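S.K.: Sharing a structure here in structure tokens format.
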Amino acid sequence: MRVAIAGCAGRMGKNLLNVAFDSEAVELVAGFERPGSSLIGADLGEFAGVGKLGVEISGGLEG
């Protein structure tokens, strides 16, 4: 299952990231934060501490 997590840097978002990383059935394809966040452009895996994933945190569906 392909999953995108909105609010990925918040408390619930971080918990959802951990569940996604622990599940072989989940492919994490996107993470979103509020527009203007300093995390936009950061690698989602590096942010979560699991290593580079090649998936950047974005400011919304438009990128």
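The values are calculated or read from the model by the stated rules, or taken from the named source; none is laboratory data. None of these values were measured; they are calculated from a predicted model. Counting neighbours? That spans all protein chains shown, and the Cβs are built from the backbone with ideal geometry, glycine included. Accessible surface areas use protein heavy atoms only, side chains included; no ligands, DNA or RNA. Shrake-Rupley method; radii C 1.70, N 1.55, O 1.52, S 1.80 Å.
S.K.: Multiply the residue separation of MET1 and LEU53 by 0.36 nm, subtract the distance between their alpha-carbon atoms, and state the gained length in nm to one decimal.
M.R.: Values: separation 52, 0.36 × 52 = 18.72 nm, distance 1.65 nm.
The MET1-LEU53 span can extend by a further 17.1 nm.
S.K.: Now for a different question. Magnitude of the Cβ-charge dipole of the chain, K/R +1 and D/E -1, about the Cα centre, nearest 20 debye? Don't skip to the end; give the middle numbers.
M.R.: Details: 5 positive and 8 negative charges, 42 e Å.
Using Cβ point charges on Lys, Arg, Asp and Glu, the chain gives about 200 debye.
S.K.: Can you give me the angle between helix 11-22 and the longest principal axis of the chain, using Cα atoms only, in degrees from 0 to 90, rounded to the nearest 10?
M.R.: 40 degrees
S.K.: Give me the Kirkwood hydrodynamic radius of the chain in Å, from all C-alpha pairs, to one decimal place?
M.R.: 11.4 Å is the Kirkwood radius here.
S.K.: What number comes out for accessible area per residue over the chain if the probe is 1.4 Å? Units Å², please.
M.R.: About 65 Å² of surface per residue is accessible.
S.K.: Write down the percent of antiparallel bridges among all DSSP beta bridges whose residues are both part of the chain, to the nearest 5.
M.R.: 10 percent
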